[in-house]
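First comes the structure, then the notes that go with it.
The values are calculated or read from the model by the stated rules, or taken from the named source; none is laboratory data. If you're wondering where the values come from, they're calculated on a predicted model, not measured in any experiment. All Cβ positions, even for glycine, are placed from backbone atoms using ideal geometry, and neighbour counts span all protein chains on display.
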Amino acid sequence: MTTQRASDVMVRALENEGVERIFGIPGEENIDFVDSLRQSSIDLILTRHEQAAAFMAATYGRLTGKPGVCLTTLGPGALNLATGAAYAHLGGMPVIMITGQKGIRTSEQARFQIVNTVATMRPLTKVSQQITSARMIPTMIREAFRTARAERPGPVHLELPEDIAAMPVDRYELVQPHSMGRATASDDAVEAAAAVIRGAKRPLLMLGADAARSDCTDSLSKFVSRVRVPYFTTQMGKGSVSGSSDLYLGTAALTNRDYIHDAIEKADVIVTIGHDTTEKPPFTMDDDGPTVVHIGYRAAVVEQVYFPQVETVGDLGPSLERLAVELVGRVPNAGALLPMREGILAKIEENSDDERFIPQRIVTEVRKVMPVDGIVTLDNGMYKIWFARNYRTTRANTLLLDNALATMGAGLPSAIGAKLTHPDRRVMTVVGDGGFMMNSQEMETAVRLGLDLVVLILEDSSYGMIRWKQAVDGMPDYGLTFGNPEFVAYAESYGATGHRLENPDEMHEVLESAFTAGGVHVVVAPVDYSENERVLIDELSQRAHASLDER
């Protein structure tokens, strides 16, 4: 075997894992690695910020179940991955993060730009390691991919010092990837869960983020249709079973007081499928509440608000198939909560045809132009709550939102990652003006890559979610307003096409024509958030007071 650099070996090992693209930014300390990429089958997707590269890689991991890969240099570049690492770690998305570093065998530049990236990334990743030997690269890459995909999926960080990257390697052997089986639940655990569900007077299913994984949604849909117990989803569990089902009761966009919580509060048994407490609580448990049965890939993490009494732990698909055998035709009160469905959904869908740019109307217009496999990515803001409540999904991972780290700035990079992963699908990102401006430079990336992408900016010139929280807590409105660029001109400066909506009736035609024309389109809508106060403060508060009075 001819002599190669360690960086060449590392790239060969990545090709061996099936890596097709790496998101990131070159630097002085990773130029050997970048040169090795140039001679490989892997595409380098050059981004404008390292944080965005991490969001793109994480989105690939979320959509495929295979680790996305991102690349940065040392110091400031590596530190810019921190938010993306936390995003993937809390969201359960497999990612490999590769950073450069100064040489470790000499110290010719002293401490210039050097921070302890391995230590910094350790609490934000599953594993954070420095590569100190070229011969170890094949096994370290194989272990990194295995670890990133193992329960619970998440990010792995590898630091490649520049002198190690440049070292000659005479001999190496790649380690071949292999499929990893998952443990299955015990018969006793399946029977214990079945016994509780069979005896329930008002059973209810809750589908969480892990239920949206592509390798279990088919088994889950069959389970729900066979057992006929009504269900709701968490925000990140949307689409794990079709929202068009006659068993769908809604999505828990809030922790309490919303209309779906009428059913939650009446349930005597709640079966949570694929729930992880890194997601904001869709409901809270207390000593007087229902019995909770946890069915997951891994054991429940016991929290103050979540302490299930029964657990079935193992690969979700086989667990649900075995559980269905125990339950079909043997849950006499399966549909006890179904009479509540019509009233809950009717309240959620109110004002969907309003003549103002209120969130309910915006959700309706977006839904009209997105096919069943179309992907909408959300940034973090008030619109996320409204899309979680009102946007009906029929397939998993077609509404990508972050209810774990809930960071701003991820919407546009996530859409770019989604479009590169599924180039044949329509992809739209819905962002607030605050979140959009945190990574708006990635417009150039989208235009340069020739993507067909629609960016819907909801403009209110403020950090709207915190404004709503101030109002909820009775605080004066303070410190949350800002100015914006002229977004149409801003889009055109990148080579995109800009549109500004004046009337909600224009929305369907403009969005549809943007998709038809192709390219990157920015559509600006002046969002009216008065419904935040009317519905999410006044109306839900009145419901809470009425409920207390009844008790």
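Quick notes
- Some residue of the stretch 104-125 being assigned to a loop (DSSP other than H, G, I, E, B) and modelled with pLDDT of 95 or more: yes
- A count restricted to the stretch 297-308 and to residues that are farther than 17 Å from K280 by Cα and small (G, A, S) stands at 1.
- Qualifying residues in the stretch 288-309 (those that are over 16 Å from T184 (Cα atoms) and among the aliphatic types (A, V, I, L, M)) - the one nearest to the chain's Cα centre (by Cα): V301
- Residue match in the stretch 395-411 (condition: more than 12 Å from the chain's Cα centre (by Cα), farther than 23 Å from E365 by Cα and either in a strand (DSSP E or B) or of a type outside the set (A, V, I, L, M, F, W, C) (or both)): yes
- Exactly one residue out of R62, R38, R12, R21 is at negative phi, without any contact (Cβ under 8 Å) to a residue 12 or more places away in the chain and charged (D, E, K, R), and it is R38.
- Output for the stretch 351-367, where each listed residue is among the acidic types (D, E) and touching a residue at least 24 places away in the same chain (Cβ under 8 Å): D354, E355, E365
- Within the stretch 361-382, being in contact with a helix residue (DSSP H, G or I) (Cβ under 6 Å, 6 or more places away or on another chain) and closer than 21 Å to E506 by Cα holds for R361, V363, E365, K368, V369.
- Only helices (runs of 4 or more DSSP H) whose full extent lies in the stretch 149-241 are considered here, and the ones with at least 1 residues that are at pLDDT 95 or above and surrounded by 15 or more Cβ atoms within 10 Å (Cβ to Cβ) are 187-198, 217-227.
- For the stretch 155-177, the condition holds for no residue, the condition being that it is within 29 Å of V301 (Cα to Cα) and of a type in the set (S, T, N, Q).
- Residue match in the stretch 250-265 (condition: assigned to a strand (DSSP E or B) and modelled with pLDDT of 95 or more): yes
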